[in-house]
């Protein structure tokens, strides 16, 4: 199970970094600390791209308690469908990690209702569906459809292919 979670974590970091949202809202924040970003957000709460960037930092560090408020704010306040959908997908994964598959699935379905092209939401949903025998085939289908996307990097494609090989047998 730990190997599976480690594998999927790498997959999600890669998919996240290659998502349209990540590219659309990317700004070079390498030299900006989390504390500096928090201060800017405190003064400008509707600076959604920075909220997502900071949420992603916390998410990548598995610091979900600090990531969640940023994603929740974006999900509740942004009018931009792509960024709102992305935030909902990230919330869904954190909810799944906490053991609540049903609520996580609801968040992912909402994410896909907002942006039915979200690779990250489809990936998370596919992974979750693979965990249950009654939805395994649906999960395999979702991940196979993601492979047909021309938006995946070579690394992402290889990771999904390995995941599919593991569960198709």
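Coordinate-derived values only; no laboratory data. Predicted, not measured: the structure shown is a model, and the values here were computed from it. Methodologically, a virtual Cβ is constructed for each residue, glycine included, from the backbone with ideal geometry; neighbour enumeration extends over all protein chains shown.
Residues that are over 26 Å from residue 162 (Cβ atoms) and part of a helix (DSSP H, G or I) within region 86-105 comprise 87, 88, 91, 102, 103, listed in sequence order. May I ask you to verify whether residue 108 is over 23 Å from residue 56 (Cα atoms) and either part of a helix (DSSP H, G or I) or out of contact with any helix residue (DSSP H, G or I) (no Cβ under 9 Å at 6 or more places or on another chain) (or both)? So residue 108 does not fit the description; no. Residue 77 meets each of the listed conditions (1) exposed (fewer than 15 other Cβ atoms within 10 Å of the Cβ); (2) in contact (Cβ under 8 Å) with a residue 24 or more places away in the chain; (3) under 14 Å from the mean Cα position of the chain (by Cα) apart from (3).
Taking the condition part of a helix (DSSP H, G or I), touching a helix residue (DSSP H, G or I) at 6+ places or on another chain (Cβ under 7 Å) and surrounded by fewer than 17 Cβ atoms within 10 Å (Cβ to Cβ), does residue 157 pass? When the stated conditions are applied, residue 157 passes them. Checking each residue in region 111-137 for being exposed (fewer than 14 other Cβ atoms within 10 Å of the Cβ) and in a helix (DSSP H, G or I) picks out 113, 137.
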